[in-house]
Amino acid sequence: MAELRQDWLDELSEILRIPSISADASRAADVQAAGEWVCGRIRAAGGTAELVDWHGRPLAIGEVRASQGADDAPTILCYGHFDVQPPEPLELWDSEPFEPTIRGEWLYARGIADDKGQLWMLLKAVQLLADAGELPVNVRFACDGEEEIGGHSIVDFLAEDERGADAA
């Protein structure tokens, strides 16, 4: 396995441990917590972010400005979702679904491949570029907590949002 950065694994594991199951109404606070976690990572990259209540659904909306010339830099829109499918049936898991576990060269946890892992990579890449003063574009994040239940809040939000982007 490539050299593992324990600090990165610890950071990724934070969101993987949140049981943000949008299909389970009793997990609404967890979905909210996952959205707050996303906002925290955007802020950690030097950006601004807020958890927007969009008709009862949480959206993590934020932006990290380009390191130089932000007013003239193109804007990229990144989408991700921080909700997950229910982990049942639990007997099919070889480890706890919300406790990230390394087996061989693979990390296992609910949401690692859809979509928390990919979302974390986008957030981390922006943070690393911003920290190095090398972020060449403005990056907007628009993330939802209802993709796994077929929600459309993010589509409706973006249709009404006038900020736009040059690419997504």
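For the list (1) of a type in the set (Asp, Glu); (2) open to solvent by 50 Å² or more (accessible area, probe 1.4 Å); (3) more than 12 Å from Cys143 (Cα to Cα), I need the number of the one condition that Glu36 fails.
Every listed condition holds for Glu36 apart from (3).
Among Asp144, Asp166, which is the only one that is touching a His at 6+ places or on another chain (Cβ under 6 Å), closer than 20 Å to Thr75 by Cβ and not polar (S, T, N, Q)? Working first, answer last.
Numbers: Asp166 fails: touching a His at 6+ places or on another chain (Cβ under 6 Å).
Result of the check over Asp144, Asp166: Asp144.
Can you find, within the stretch 39-57, the residue that is nearest to Val155 (Cα to Cα) among those that are open to solvent by 80 Å² or more (accessible area, probe 1.4 Å) and free of Cβ contacts under 8 Å to residues at least 60 places away in the same chain?
It comes out as Asp53.
In the stretch 14-29, how many residues are free of Cβ contacts under 8 Å to residues at least 24 places away in the same chain, within 14 Å of the chain's Cα centre (by Cα) and within 15 Å of Glu147 (Cβ to Cβ)?
0
The values are calculated or read from the model by the stated rules, or taken from the named source; none is laboratory data. The structure presented is a predicted model; accordingly, all values stated were derived computationally and were not measured. Positions of Cβ are generated from backbone atoms using ideal geometry, with glycine treated the same way; all protein chains shown enter the neighbour counts. The protein model used for the area step is the full one, side chains on, heavy atoms only, and it has no ligands, DNA or RNA in it. Shrake-Rupley method; radii C 1.70, N 1.55, O 1.52, S 1.80 Å.
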